[in-house]
Every structure is written in C-alpha cells, then in structure tokens.
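Structure first, then comments.
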Amino acid sequence: MIETLNSTQVDFFRDIILFEDLTESELSQLVRISSFEKYFRHQYIYNQGAKSDRLFFLKSGVVKIGNMADDGREVIKSIIHPKSLFGELSMMGQEKRNNFARCMNEEVECVAIYIQDLEDLMRRTPSMQMKFLKFMGERLMHMEKKVESLVLQDARTRIIEFIKDNAIKRGRKVGFETLFKHSLTQQDIANITGTSRQTVTSVLNELKKSNQIYFNRRSILVRDLEKFG
C-alpha cells in the first residue's frame, strides 16, 4: 500500500546520516521524489529476481534480507532496523535483486526512492556521494566479518556473538542486565548464524540454565554482558 509523502517526512530524512547536510530546498526535493509505503507481517517488499530500481529507508518495523538456498533453506543475510537503508546494490549497477526483503513485524513502514532520482540529487550534492561510499564500505566490512565468523567460529560461539552484538547495539540497560527485544524465531536466529534450530534451542537453554540469560519469544535478557559467554 503506497501513500504520497508530505512535508512531515522531512524530519525523518533529517535523522538519516546520508541526508544530514542537505539544505531545506534539497530536503524538499527529496520528499518530492520519495514514496511512503506500508507493508505487513511476512509480506515481501521485493523478492529475488525483481527489478532492482529503487532504494529503501526503513521508517518503522523490522525487515530481513536474505535468499533461498538450493536446498530450500532460507538464508538470512541481515536484519534491518529503523533509519537504515536497504536495497543498496541497486546503486551499484544491480539490475535484478539477488535477495529478498521481507517484513518481520505486524506493520512495516519504509521510504522508497527510484535510483535515477536519487542519483540526480547526489550529483548535485557531493557530501551525499561520500557518505554513501562510506556506508557501502561499512556494509562490506560487516559482510566480511560475518564470513570470517562462519569459517572460524563454532556454532555455539556464533550464537553467543549474535546475542552479544544485538544486546550492545539495541539493548536497554537495567542495572547489570541488558534487555533487547526482537521479532525473530529460533529458526530465524539459526538462519542468521548458519546453524540449526535445534542448536539454537540447545545453546539458549544451556545459557538459561547457567543463569546467563533469560529469554522468551520476543526478548532476551542478558544477566551480565561483561561476563556473558
């Protein structure tokens, strides 16, 4: 479902690093070339093989990026949270999507911009070009780190590192404890960490039994992040 963006969306763009140096006139132009879209749980924003002609910025909700392996398994490459962009390979010459983007929440809101329109704006704004290159470099380093993890770390360590990383980035401190909420099933965590659902269940139960974490379907509480693992 698509709605036309209005001027209130300027505040959303101001909070995104890529656009922080834009003038009021440039921000207004950005609003005019953007569309505000709503999706619902399990709905695909785009699928593998779809035309790769738009870039997306997540306004609310959670989106998973992944693809399907030859054996039918879902491989999750990244989890996207608000104020992040996705579908960025369309800026690098990708013609068709090699991943899918699928909603994980009951409702997801995002802003979509056609690549041609964004490139026209970037040509007039050199600071945007540098920020985008920096973003792509950081995304590449993240992917390299993930590949190294799959090669060098065992399954238990990958699951623990996944919990620790999310607690640090998105957790809320409560005394010595750190709570982070999520929209992931144990199968999702397995798909992200390159393990099996049974292994995820076993490791989570082991960590709970040793009183390092408490978890339910929508959150994980890390008792002491400094001693965790």
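Within region 31-51, track down each residue that is without any contact (Cβ under 8 Å) to a residue 60 or more places away in the chain, surrounded by 15 or more Cβ atoms within 10 Å (Cβ to Cβ) and closer than 21 Å to E95 by Cβ.
Just the residues of region 31-51 that are without any contact (Cβ under 8 Å) to a residue 60 or more places away in the chain, to begin with: 31-32, 44, 46-51.
Filter once more, so that each one left must be surrounded by 15 or more Cβ atoms within 10 Å (Cβ to Cβ): 31, 46, 50.
Answer for region 31-51, where residues must be without any contact (Cβ under 8 Å) to a residue 60 or more places away in the chain, surrounded by 15 or more Cβ atoms within 10 Å (Cβ to Cβ) and closer than 21 Å to E95 by Cβ: Y46, A50.
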Any residue that is among the polar types (S, T, N, Q), within 17 Å of R41 (Cβ to Cβ) and modelled with pLDDT under 90 - is there at least one of those in region 96-114? yes
For region 97-113, give me each residue that is in contact with a Phe, Trp or Tyr (Cβ under 8 Å, 6 or more places away or on another chain) and exposed (fewer than 15 other Cβ atoms within 10 Å of the Cβ). E106, E107
Working only within region 139-169, note down all residues that are open to solvent by 80 Å² or more (accessible area, probe 1.4 Å), at pLDDT 85 or above and not basic (K, R). M141, D154, I168
Report yes if L221 is in contact with a helix residue (DSSP H, G or I) (Cβ under 8 Å, 6 or more places away or on another chain), at pLDDT 90 or above, among the aliphatic types (A, V, I, L, M) and buried (at least 17 other Cβ atoms within 10 Å of the Cβ), otherwise no. no
Selection within region 144-173 - touching a residue at least 40 places away in the same chain (Cβ under 8 Å), more than 14 Å from I189 (Cβ to Cβ) and among the hydrophobic types (A, V, I, L, M, F, W, C): L150, I168
May I ask you to list the residues in region 114-138 that are surrounded by fewer than 12 Cβ atoms within 10 Å (Cβ to Cβ) and within 30 Å of A190 (Cα to Cα)? G137, E138
Looking at this structure, is L207 over 22 Å from G66 (Cα atoms) and buried (at least 17 other Cβ atoms within 10 Å of the Cβ)? yes
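So that you can scan it fast, the table gives a plain yes or no per residue for (1) in contact (Cβ under 8 Å) with a residue 40 or more places away in the chain; (2) in a helix (DSSP H, G or I); (3) farther than 22 Å from R172 by Cα:
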position	(1), (2), (3)
I189	no, yes, no
T195	yes, no, yes
T199	yes, yes, yes
V203	yes, yes, yes
N211	no, no, no
Y214	no, no, no
I220	yes, no, no
E226	no, yes, no
Candidate set: region 71-96, residues that are over 10 Å from the mean Cα position of the chain (by Cα) and hydrophobic (A, V, I, L, M, F, W, C); chosen: the one least open to solvent (accessible area, probe 1.4 Å): I76
Failed condition for H42, given (1) under 19 Å from the mean Cα position of the chain (by Cα); (2) modelled with pLDDT of 90 or more; (3) under 27 Å from R123 (Cα atoms); (4) not β-branched (V, I, T), with all others met? (3)
For L179, indicate whether it is part of a strand (DSSP E or B), out of contact with any helix residue (DSSP H, G or I) (no Cβ under 7 Å at 6 or more places or on another chain) and either touching a residue at least 12 places away in the same chain (Cβ under 8 Å) or more than 20 Å from V63 (Cα to Cα) (or both). yes
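The values are calculated or read from the model by the stated rules, or taken from the named source; none is laboratory data. None of these values were measured; they are calculated from a predicted model. Methodologically, a virtual Cβ is constructed for each residue, glycine included, from the backbone with ideal geometry; neighbour enumeration extends over all protein chains shown. The area values use the complete protein model at the heavy-atom level, side chains included, leaving out ligands, DNA and RNA. Shrake-Rupley method; radii C 1.70, N 1.55, O 1.52, S 1.80 Å.
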